[in-house]
C-alpha cells in the first residue's frame, strides 16, 4: 500500500525547551553578515537564518516543528531566503533572538536597540533630575563660600 505525502498528517509538537535568550548582536557582527549578503544574496541570507538558529541553541528540526513545517521545507525556505514576511516575527520569537531583523535593519541604514520600559524611562528621568539638583547644590555651595569670604 502506497501512501502519498498529502495523506500524511504531520504532528506539530511545541518546543520541548526554551531557546537561549540573547542580547542584540554587536554591530560589527551584523556588518559581517550583511557583507555576506552583498557577496551572495541567497546564501548570505541563509547564513543569517542559520546563525539565528545556531545562536538559539535549538535544532533546525525544533524550529521547523514550531513553524509547523517539516525540516526539509524549512531548509528549502532558508536556502531560497524566502521565509514569508508574516513568519519572520514568529521565527524570531521561536529562536529567541532578532538577528534576522538586525541584519535587515542594518541593510536599510538603521540600528536596532531595545526600547526602554516605563520603569527604565522613569529611572533615566530621575537620574537626570538628580544630576540637575546636584549641579544646583554645588552652585549654591560656591555662592555661600564666596559670600563668607
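The values are calculated or read from the model by the stated rules, or taken from the named source; none is laboratory data. In this text the structure is predicted, and so the values were computed from the model without any measurement. We place every Cβ from the backbone using ideal geometry, glycine too, and count neighbours over all the protein chains shown.
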Going by the structure shown, is residue 65 surrounded by fewer than 17 Cβ atoms within 10 Å (Cβ to Cβ), in a helix (DSSP H, G or I) and free of Cβ contacts under 8 Å to residues at least 60 places away in the same chain? no
Considering only residues that are in contact (Cβ under 8 Å) with a residue 40 or more places away in the chain and closer than 18 Å to residue 95 by Cβ, which ones fall in region 24-44? 24, 25, 30, 33
Would you be able to tell me the number of residues in region 25-46 that are within 12 Å of residue 79 (Cβ to Cβ) and at pLDDT 90 or above? 0
